[in-house]
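Here is the structure we will look at.
Any read-out appearing in this document is the output of simple, stated calculations on the displayed coordinates, not a laboratory observation. Worth saying up front: this structure is predicted, and the values here are computed from it rather than measured. Quick reminder, even Gly has a Cβ in these numbers, built from the backbone with ideal geometry, and neighbours come from all protein chains shown.
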């Protein structure tokens with residue numbers, strides 16, 4: 001089965017245009033005009049990527065994004081006319097992996113999808129199939145699964161990329177730009193503070209109280225590192 005994409009867009013012409021284009025690119029497409037239908041389709045069809053409009057009737061794109069994250073770990077590209085930095089951060093906090101501002105070209109949309117798929121499929125092959133054990137965390141690179149003890153943690157593709165990179169070399173400090181280059185495509189994501197948003201979400205999932213920096217430590221003025229004391 002090929003890559004399945006769910007388009008969530010209430011403007012019929014835009015949704016139809018995206019669907020037709022992505023089908024010519026070889027993707028299997030589904031379309032929903034509202035958040036409730038999108039959640040139902042996701043539950044039944046389990047698409048790999050969700051292209052999610054911010055402004056939707058009845059249920060907002062942000063609420064839909066949050067509920068999608070409770071259901072699984074698809075790659076989510078938020079599409080919106082909102083271009084302010086604070087709006088982008090809110091979208092990322094809700095669980096989006098990328099952010100596309102209207103108007104955009106279909107070629108850019110295709111490039112963003114390919115970029116996200118590479119992140120989900122682990123574009124680098126170093127240590128492919130390896131299992132990292134760091135403290136209570138067990139990180140399976142092949143299956144993209146993370147466990148804390150016996151409990152599975154549901155990470156987004158971007159969160160997994162960041163965690164795996166940091167945990168692979170405990171004690172090594174990575175700058176925000178290095179993390180951007182690894183987890184994103186630098187030409188698309190230019191704000192280094194995007195990393196802070198994803199690290200914050202990641203900490204909520206892996207740290208004991210959801211806020212501390214036991215596993216992922218901030219190195220002020222530089223970036224982040226994984227605590228060397230957790231190297232097994």
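Below are the figures for this structure:
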| quantity | calculated |
| --- | --- |
| Separation in nanometres of the label points that stand 7 Å from Cα toward Cβ, at residue 66 and residue 34 | 1.9 |
| Anisotropy class of segment 4-120 from Cα gyration tensor, a/c 1.5 cut | rounded |
| Rounded to 10°, Cα long-axis angle of helix 35-45 versus longest principal axis of the chain | 70 |
| Between helix 157-168 and the chain: long-axis angle, C-alpha atoms, 0 to 90°, nearest 10 | 20 |
| Distance between modelled label sites at residue 11 and residue 154, nm, 7 Å Cα→Cβ extension | 3.1 |
| DSSP-defined antiparallel bridges as percent of all bridges, segment 4-120, nearest 5 | 0 |
| Beta bridges by DSSP in the chain, antiparallel share as percent, to the nearest 5 | 50 |
| Rounded to 10°, Cα long-axis angle of helix 106-120 versus longest principal axis of the chain | 30 |
| Förster-model FRET efficiency, 25 Å R0, residue 220 and residue 181, C-beta, rounded to 0.05 | 0.75 |
| Relative packing of 74-80, 2-8, 177-183, which averages over residues the other C-beta atoms within 10 Å, highest first | 74-80, 2-8, 177-183 |
